[in-house]
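Report on the following structure.
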Amino acid sequence: MERNYKQDINITDELTARINELLSHYPADKKKSAMLPVLHAVQDAHDNWLSVELMNKVAEILEVKPIEVYEVVTFYTMFNQKPVAKYMFEFCRTSCCGLRGGEDLMEYTCAKLGVKQGETTADGMFSVVGVECLGACGYGPMLQLGDNYHEKLTKEKIDILIEECKQGKVTLY
Ligand code: FES
């Protein structure tokens, strides 16, 4: 796997305890079954992204081959393989949100922040990405920011959200 950005790997006692708690829900010889929650926990503890070295560490913890972790991380958009912005606006680009103007709002946000989809602002504060259905189809157009959903979006709501992020008023997790 070629992507290789520098990242400090820090499996703290707290993170180890969290991983062990997650693993306790599965048979001892089926650690692989805990891969998704373990990856989330590890990513949350590492600035919201997973380097190759960190994925290798997860493979070691789960007693699987590294390729098995790479397969999962590269499949799901909620896992990031490179450093991401503090505020990552993940716009749903699937049908229901799309029909209600999701794509236009994503373009509006990109223009407002001066980035293209997938790019990060020069100050590292914001990025905008398109993702598949986030399961809030009746509340579109919507985006995910950290662990929170922002629904029934309008340009005005986007303006307010960006401003609140700049002022540090937005809770991510
Ligand atoms: S289509 Fe957007 S949340 Fe499902």
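The values are calculated or read from the model by the stated rules, or taken from the named source; none is laboratory data. Remember, predicted model here, so these are calculated numbers, not experimental data. Cβ placement follows ideal geometry from the backbone for every residue including glycine, while neighbour counts extend to all protein chains displayed. Surface accessibility is based on the protein's heavy atoms, side chains included, excluding ligands, DNA and RNA. Shrake-Rupley method; radii C 1.70, N 1.55, O 1.52, S 1.80 Å.
Listing for the model above:
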read-out: Number of positions in region 123-160 that are open to solvent by 10 Å² or more (accessible area, probe 1.4 Å), more than 11 Å from the ligand (Cβ to nearest atom) and on the phi < 0 side of the Ramachandran plot; value: 12
read-out: Residues being touching a residue at least 24 places away in the same chain (Cβ under 8 Å) and assigned to a loop (DSSP other than H, G, I, E, B) - total across region 120-140; value: 8
read-out: Condition met for LEU113 (in contact (Cβ under 8 Å) with a residue 60 or more places away in the chain, at negative phi, more than 16 Å from the ligand (Cβ to nearest atom) and not assigned by TED's automatic domain parsing to the domain that holds GLN43); value: no
read-out: Flag for THR171 being away from the ligand (no atom under 15 Å from the Cβ) and open to solvent by 70 Å² or more (accessible area, probe 1.4 Å); value: yes
read-out: Options SER33, SER24; residue that is more than 30 Å from SER127 (Cα to Cα) and either open to solvent by 70 Å² or more (accessible area, probe 1.4 Å) or in contact with a Leu (Cβ under 7 Å, 6 or more places away or on another chain) (or both); value: SER24
read-out: Residue that is farthest from LYS65 (Cα to Cα) [pool: residues in region 13-49 that are part of a helix (DSSP H, G or I) and among the hydroxyl-bearing types (Ser, Thr, Tyr)]; value: THR16
read-out: Boolean, THR120 is of a type outside the set (A, V, I, L, M), within 22 Å of PHE79 (Cβ to Cβ), crowded, with 17+ Cβ neighbours inside 10 Å and modelled with pLDDT under 95; value: yes
read-out: Residue match in region 73-95 (condition: over 17 Å from the mean Cα position of the chain (by Cα) and closer than 30 Å to THR12 by Cβ); value: no
read-out: Qualifying residue in region 83-97 (condition: in the same structural domain as GLU151 (by TED's automatic domain parsing), part of a helix (DSSP H, G or I), open to solvent by less than 40 Å² (accessible area, probe 1.4 Å) and out of contact with any Gly (no Cβ under 6 Å at 6 or more places or on another chain)); value: no
read-out: Selection from region 50-82 of residues that are away from the ligand (no atom under 16 Å from the Cβ) and not in a helix (DSSP H, G or I); value: LEU50, SER51, GLU63, VAL64, LYS65, PHE79, ASN80, GLN81, LYS82
read-out: Selection within region 116-126 - of a type outside the set (Asp, Glu) and over 12 Å from ILE162 (Cβ atoms); value: LYS116, GLN117, GLY118, THR120, ALA122, GLY124
read-out: Count of residues meeting criterion [in a loop (DSSP other than H, G, I, E, B), of a type outside the set (Lys, Arg) and farther than 12 Å from THR154 by Cα] in region 98-119; value: 5
